[in-house]
Amino acid sequence: MKRLIIGITGASGVIYGIRALELLRDIPDIETHLVLSPSAARTIVEETDYTVAAVNKIADHLYSYKDIGAAISSGSFQTLGMLIAPCSVKTLSGLANCFDDELIVRAADVCLKERRRVVVMFRETPLHAGHIALMDQVTKNGAIIMPPVPAFYHRPKTLDDIVNQSVGRALDLFDIDLKVVKRWKEGSPDTKPENSAAE
């Protein structure tokens, strides 16, 4: 059984973490381990039609935000790594400075020290120099910063199309292909259009 930790913080875009849980729920060989921050609980109510209880039930395992002695706080607990979706500035700052005072940052810091994949869907805009410096440090610590910037080459028709594509691309980074990503040029011949602007 493969284990993936999902951290959901209070930044806007909690649907990314929720959708990751939903997409992974029916994958028999992947077990999800969820940590939800108190601010995320507030954002779930503000931004979605889900209840916090309903989100908690999607995960295979649920941990208290303040339980820094939980299984996922130890490197001996084997996982594929951690997806933080979305990631707030506060959590990004904790990751940059190894300030492990709660379980989301602690679990991510453990994954980093064990050289496991940590994907951070940092959800903030516009950015000031402090945000950029934090992203730089988190990258140097070994994480991948993946802001949920929507793609449009797949011609999304709905918000769900955009969310699924972003979450699917994030899960790609763990070598998890859930067949929700519409990939560039996949399945079509790479032909040169007539009257190409490059000519």
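The values are calculated or read from the model by the stated rules, or taken from the named source; none is laboratory data. Only a predicted model underlies this, so the values are computations on that prediction, with no experimental measurement involved. FYI the Cβ positions are ideal-geometry reconstructions off the backbone, even for glycines, and counts take in every protein chain you see.
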Inset, instruction - Considering each residue of the stretch 170-199, count those that are assigned to a loop (DSSP other than H, G, I, E, B) and modelled with pLDDT of 60 or more, and give that number. - result: 15
Inset, instruction - Confirm whether residue 50 is of a type in the set (Ser, Thr, Tyr) and crowded, with 21+ Cβ neighbours inside 10 Å. - result: no
Inset, instruction - Look through the stretch 79-113, keep the residues that are of a type outside the set (A, V, I, L, M) and part of a strand (DSSP E or B), and return whichever of them is surrounded by the fewest Cβ atoms within 10 Å (Cβ to Cβ). - result: 81
Inset, instruction - Find the residue count for the stretch 151-177, including only residues that are more than 14 Å from the chain's Cα centre (by Cα), farther than 23 Å from residue 108 by Cα and of a type outside the set (Gly, Ala, Ser). - result: 11
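How many of the residues in the stretch 129-149 are assigned to a helix (DSSP H, G or I) and not β-branched (Val, Ile, Thr)? It would help to see each step written out before you state the result.
So the first thing to find is which residues in the stretch 129-149 are assigned to a helix (DSSP H, G or I), and the list is 129-140.
Subset that is not β-branched (Val, Ile, Thr): 129-131, 133-137, 140.
So the count comes out to 9.
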Legend entry - Pairs with Cβ under 8 Å, 6+ apart, first in the stretch 19-48 and without any contact (Cβ under 8 Å) to a residue 60 or more places away in the chain and under 14 Å from residue 167 (Cβ atoms), second among the acidic types (Asp, Glu) and surrounded by fewer than 19 Cβ atoms within 10 Å (Cβ to Cβ): 32/60
Inset, instruction - Assess whether residue 69 counts as being free of Cβ contacts under 8 Å to residues at least 40 places away in the same chain and out of contact with any Asp or Glu (no Cβ under 6 Å at 6 or more places or on another chain). - result: yes
Inset, instruction - Please give the number of the condition residue 41 fails out of (1) crowded, with 21+ Cβ neighbours inside 10 Å; (2) over 16 Å from residue 178 (Cβ atoms). - result: (1)
Legend entry - strands (runs of 3 or more DSSP E) enclosed by the stretch 1-70 - at least 2 residues per element that are over 16 Å from the mean Cα position of the chain (by Cα): 61-63
